[in-house]
Amino acid sequence: MPPELNLQISPRTVQQEAVGKLRLAIFSGLFQPGTRLVESQLCAQLGISRPSLREALRSLEAERLIEIIPNRGPSIPSLSWDEAVAIYEVRELLEVEAAGRCAARIPPEQLQALERSLAAFAQAASSNDSMARVTTAAEFYSIILANCGNPVLEELHRGLLARISFFRGRSMSLEGRAEGSLAEMTELYKAIANGDAKAARKAARQHLTRAKAAARKSMDL
């Protein structure tokens, strides 16, 4: 007789789902920088209790996607261009090196996964689904980082992922930027597929340079 399986959903699962939904809403631009988040409205929208919401908000605060100010409550921070520059500088240090290392060592099955993620991004780029653009681009880079052969490098990048995705969502809101990203990511994929570490580093650096310029433009609008 098979053992009994406990299918009850735990509050932790509810909290994690709430974090995911709110994170995507921030990335997609549903909540603009400077927007105050009203807890009662969020509870109604998400269908969760206030304690579960507050746990989710604390997680987002740790990712620096929201700020919780005493006597004011949670809001979306207005990130400065200096903060954006710092993020892009660190991205360049991590992603350019990861791309080169990945080109030299990625196994065939992971290269196929990278190709599928690029195809998923291509589909998202041709749609108006801003969330899909952000998540599929993140998946593409997560495969590169996971196959760079340096778990510390991957861990450091993961710690920045939320803020990277925030700026990625901003830059891809510009007309034509998603298509530009697709062309740049395709060049990066080709370099990795060819095992060309030098070309992979060059493609990754070019992509970041153009992404940074797009983010600058989006913050000026």
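Some notes on this structure:
- Applying both filters, DSSP loop and at most 14 other Cβ atoms within 10 Å, to the trypsin sites (Lys or Arg not before Pro) of segment 48-157 gives ARG64, ARG72.
- With Cα atoms defining each centre, segment 164-187 and segment 50-105 are spaced 18 Å apart in the structure.
- For segment 76-115, the fraction of C-alpha pairs more than 17 angstrom apart is 51%.
- Cα long-axis angle, helix 81-105 against the chain (0 to 90 degrees, to the nearest 10): 50
- Residues LYS190, LYS202, ranked from the fewest to the most other C-beta atoms within 10 Å, line up as LYS190, LYS202.
- Full extension of the chain between LEU174 and ALA213 gives 12.9 nm of extra length, using 0.36 nm per residue less the Cα-Cα distance.
- One entry in (1) 15.0; (2) 11.0; (3) 12.8 is mean projected area of the Cα convex hull in nm² calculated from the shown coordinates; its label is (1).
- Tilt relative to the chain, helix 177-193 - C-alpha long axis, 0 to 90 degrees, to 10: 50
- Over the chain, Cα pairs under 8 Å with separation of 6+ residues give a relative contact order of 24 percent.
- Summing Cβ point charges (Lys, Arg +1; Asp, Glu -1) relative to the Cα centre of the chain gives a dipole of roughly 340 debye.
- Note on the chain: lysine pairs with Cα distance below 24 Å, sequence gap of 8 or more or different chains, count 6.
- Computed lengthening from ARG205 to ALA122, 0.36 nm per intervening residue step minus Cα-Cα distance: 27.9 nm
- Shown here for segment 126-221: GluC sites (Glu not before Pro) in loop regions (DSSP other than H, G, I, E, B) with at most 16 other Cβ atoms within 10 Å, namely GLU175.
- Rounded to the nearest whole angstrom, the semi-axes of the ellipsoid equivalent to segment 49-143, taken from the Cα gyration tensor as √(5λ), stand at 32, 18, 14, largest first.
- Around VAL134: net Lys/Arg minus Asp/Glu count, Cβ-Cβ under 13 Å: +4
- Ranking of LEU114, LEU46 by neighbouring Cβ atoms within 10 Å, starting from the fewest: LEU46, LEU114.
- Rounded tilt (10° steps) of 108-125 against the dominant C-alpha axis of the chain: 60
- Each Lys or Arg adds one and each Asp or Glu takes one away; over the other residues whose Cβ falls under 9 Å from the Cβ of VAL96, this sums to +1.
- Between the residues GLN32, ILE164, ALA178, the greatest Cα displacement towards the positive end of the dipole of the chain, with unit charges on the Cβ of Lys, Arg, Asp and Glu, is found for GLN32.
- Set against the 2.2 N^0.38 Å expectation for a compact globular protein, segment 11-75 has a Cα radius of gyration ratio of 1.00.
Every number in this text was worked out from the coordinates using simple rules, so none of it is lab data. Treat the numbers as computed from the prediction; the structure is a model and nothing was measured. Counting neighbours? That spans all protein chains shown, and the Cβs are built from the backbone with ideal geometry, glycine included.
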